[in-house]
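All remarks here apply to the structure that follows.
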Amino acid sequence: MSNLEWAEAQLAEIELLTSMFPSQEELELTDQLALAELRDFVEGSASADGPPPSRPQFLIKQKLDATGTGMMDFTLSCAYPPEYPSVLPEITVRCVGLSRAQQTQIRTNLNAYLMENCLGEVCVLSAVEWVKENMQLFINKSLSAAPAPVKESSTLQPEEVFSRLWIYSHHIYNKTKRKNILEWSKELGLSGFSMPGKPGIVCVEGPQSACEEFWSRVKVLTWKKIMIRHREDFLLDCQVEDSRSVESMDSLRKFTGFEEAMFDPHGNRGNHMDLGQLYQFLNEKGCCDVFQIYFGIEGR
């Protein structure tokens, strides 16, 4: 699909959602300017050659008649990457009746469902329906959780999610952005690397909450194009089931610390990295499969 086709699909879905959820209590567009720029681009009135840099974001607020708890509110926070629907939208589910771990698990399961059934098509309505159909399962689990006293501190630990985000940017030149990336990753206890130049690549890994905080800071900076190209989520349930050992957070890390990686930059501005060296670097870290995800070709 082209930039225009992506934008047309996004605008058509927003207009459909607006007709289905006409009140602000149901649908809240959090960035009206982004929507206006998207419409201008689709209608041909925008002067820019490429798609608008801002990304449409909105909240869908719904009520669920949950057995055992009555009416329960939940919210889907949605943001369109530039290449949606060829890539999944960023959707976060919020429900005050569920724990943070349960909300994280809902998001993980929802993304898996959308990846398998809806990739390449607009899917926000499918996401809403999936959450309505599956929320009750998580509510039941929350209600049935026994508040038994803990005999040993090691027998009950909170569920954690380990995440690895592979971020793609059109370019990373700005020294302030490069400094922010290094400082924020250190502050949040994330490992990984950043590759400045064109294209720009950032990988962060660690607790999901820290990865999401990193992404929330980075994405609001001024970029020509930035998106999460790929993400990996691993649920760390500290309860051992079927004699299966539980992996620790650090055992899942591919990187030690966080570094800015330079791979023999060349070109007129000295900013085009050697992708062959990048592939070798990823291969050494056991991540060579992501090279094809980034560039659509197998490395060597």
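The values are calculated or read from the model by the stated rules, or taken from the named source; none is laboratory data. Treat the numbers as computed from the prediction; the structure is a model and nothing was measured. Cβ coordinates were reconstructed from backbone atoms using ideal geometry, including for glycine residues, and neighbour counts include every protein chain displayed.
Here Met71 passes the criteria (1) touching a Lys or Arg at 6+ places or on another chain (Cβ under 6 Å); (2) surrounded by fewer than 16 Cβ atoms within 10 Å (Cβ to Cβ); (3) modelled with pLDDT of 85 or more except the one numbered (3).
Does Leu236 satisfy being aliphatic (A, V, I, L, M), out of contact with any Asp or Glu (no Cβ under 9 Å at 6 or more places or on another chain), surrounded by 12 or more Cβ atoms within 10 Å (Cβ to Cβ) and at pLDDT below 85? Before you say what the answer is, go through the steps one by one.
Values: aliphatic (A, V, I, L, M): yes; out of contact with any Asp or Glu (no Cβ under 9 Å at 6 or more places or on another chain): no; surrounded by 12 or more Cβ atoms within 10 Å (Cβ to Cβ): yes; at pLDDT below 85: yes.
The answer is no for Leu236.
Of all the residues in region 178-199, those that are in contact with a helix residue (DSSP H, G or I) (Cβ under 9 Å, 6 or more places away or on another chain) and touching a residue at least 24 places away in the same chain (Cβ under 8 Å) number 13.
Within region 206-222, residues that are under 9 Å from Ser163 (Cβ atoms) and touching a residue at least 40 places away in the same chain (Cβ under 8 Å) have Cβ atoms under 9 Å from residues that are part of a helix (DSSP H, G or I) and aromatic (Phe, Trp, Tyr) in these pairs: Gly206/Phe214, counting only partners at least 6 apart in sequence or on another chain. Figure legend. Inter-residue proximity from region 122-134: first residues assigned by TED's automatic domain parsing to the domain that holds Leu16, second residues small (Gly, Ala, Ser), beta-carbon distance below 6 Å, spacing 6+ or different chains. Indicated pairs: Val122/Ala9.
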